[in-house]
Amino acid sequence: MRNVRLQIAYDGSRFYGWQRQDGFVSVQESLEDAFACLIGERVSVQGSGRTDTGVHALRQVANVHVQTALTDDRLRHGLNAHLPESVVVRRLETCADAFHARFSAIGKRYVYVATTTRFKPAFGSQYTTWERSALDFDAMRSAARDLLGTHDFRGLCSTGSKPTTTIRTIRGLRWLARRERLAFVIEADGFLYNMVRAIAGTLFDIGRGRLATSCIRDVLESGDRGAAGPTAPPAGLYLLRVRYAEPTFAGPDPGPKGSPGVFQL
């Protein structure tokens, strides 16, 4: 029996979220089914957190205790052979028995992406939010600065979970602006239920001129969810990275004939 951690990417539009639930296809269930097919027994895969229906992940992290003679690399190959095309195990490594994908995490990073065109995109609508309004980018950036630091974010989350505390620390927020794309990358020690989507909805309403630039500061002080913007759609949200105190998935990932592509690391 050993503890292995996995780095997973998935298309959230194909699943009813991360968490296993009867009657609906989830990422967790797909992974557990793949393990059952490969090693012949049911296991419980523990993720770093739950992503909702339609939310994507580039580097979700999970761990699972398994009993198998397969090496890490062969175990990864076998799992990917049994997984649907919308989810892939990018990396897999044996780790300390005490490691837990959720409880060992010290931070997470998300990106929220919007397509800013006059007309709806012809394809890829499940991977980005469409925003056709003219946006005051300076107002959005100015308002976002009030998010940095340690605050009570009860006014920027949804009901549905009961955390021990609603205080979180946002360590950084960076904007990415292109001709037809607008995105922000946000990192914190943790996030509340729908917190990033609530932040995105509020920032875009500020950009549209529907809310004042001071809205973020006012909501943090009052804790009034009704004073903030709507919860933004899930399609634009991606889990980018989960941080841990120890190094995880370090080094290159060479295949049988070296690293894929033209850059050999």
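The values are calculated or read from the model by the stated rules, or taken from the named source; none is laboratory data. As the structure is a computational prediction, the values presented were derived from the model and not from experiment. Here the Cβ positions follow ideal geometry from the backbone for every residue, glycine too, while neighbour counts run over all protein chains shown.
Would you confirm whether any residue within the stretch 112-132 is touching a residue at least 24 places away in the same chain (Cβ under 8 Å) and closer than 28 Å to Pro254 by Cα?
From the stretch 112-132, those touching a residue at least 24 places away in the same chain (Cβ under 8 Å) are 112-117, 125-129, 131; that's our starting set.
Filter again for closer than 28 Å to Pro254 by Cα, leaving none.
No, there is no match, as no residue in the stretch 112-132 is touching a residue at least 24 places away in the same chain (Cβ under 8 Å) and closer than 28 Å to Pro254 by Cα.
What's the number of the condition Phe99 fails, among (1) surrounded by fewer than 16 Cβ atoms within 10 Å (Cβ to Cβ); (2) touching a strand residue (DSSP E or B) at 6+ places or on another chain (Cβ under 8 Å); (3) not assigned by TED's automatic domain parsing to the domain that holds Asp189?
Failing condition for Phe99: (1).
Is it the case that the stretch 233-249 has a residue that's part of a loop (DSSP other than H, G, I, E, B) and within 19 Å of Tyr127 (Cβ to Cβ)? Give the derivation first.
Filtering the stretch 233-249 down to residues part of a loop (DSSP other than H, G, I, E, B) leaves 233, 245-249.
With the extra rule that they be within 19 Å of Tyr127 (Cβ to Cβ), the set shrinks to 233.
Yes; the residues of the stretch 233-249 include at least one that is part of a loop (DSSP other than H, G, I, E, B) and within 19 Å of Tyr127 (Cβ to Cβ).
Just to verify a result, which residue in the stretch 14-28, among those that are over 13 Å from Ser86 (Cα atoms) and charged (D, E, K, R), is surrounded by the fewest Cβ atoms within 10 Å (Cβ to Cβ)?
The selected residue is Asp22.
Inspect all residues belonging to the stretch 221-234 and state whether any of them is under 18 Å from the mean Cα position of the chain (by Cα), modelled with pLDDT of 95 or more and among the hydrophobic types (A, V, I, L, M, F, W, C). Walk me through how you get there before you give the answer.
So in the stretch 221-234, the residues under 18 Å from the mean Cα position of the chain (by Cα) come out as 231-234.
Those left that are additionally modelled with pLDDT of 95 or more: 231-234.
Now drop any that are not among the hydrophobic types (A, V, I, L, M, F, W, C), which leaves 232.
Yes, there is a match, as at least one residue in the stretch 221-234 is under 18 Å from the mean Cα position of the chain (by Cα), modelled with pLDDT of 95 or more and among the hydrophobic types (A, V, I, L, M, F, W, C).
Take Gly155 and tell me if it is of a type in the set (Gly, Ala, Ser), loosely packed, with under 12 Cβ neighbours inside 10 Å, farther than 19 Å from Gly54 by Cα and modelled with pLDDT of 95 or more.
On the way: of a type in the set (Gly, Ala, Ser): yes; loosely packed, with under 12 Cβ neighbours inside 10 Å: no; farther than 19 Å from Gly54 by Cα: yes; modelled with pLDDT of 95 or more: yes.
Judged against the criteria, Gly155 is not a match.
Just to be sure before I move on: is Phe123 among the hydrophobic types (A, V, I, L, M, F, W, C), in a loop (DSSP other than H, G, I, E, B) and over 19 Å from the mean Cα position of the chain (by Cα) in the structure I sent?
For Phe123, the condition - among the hydrophobic types (A, V, I, L, M, F, W, C), in a loop (DSSP other than H, G, I, E, B) and over 19 Å from the mean Cα position of the chain (by Cα) - is met.
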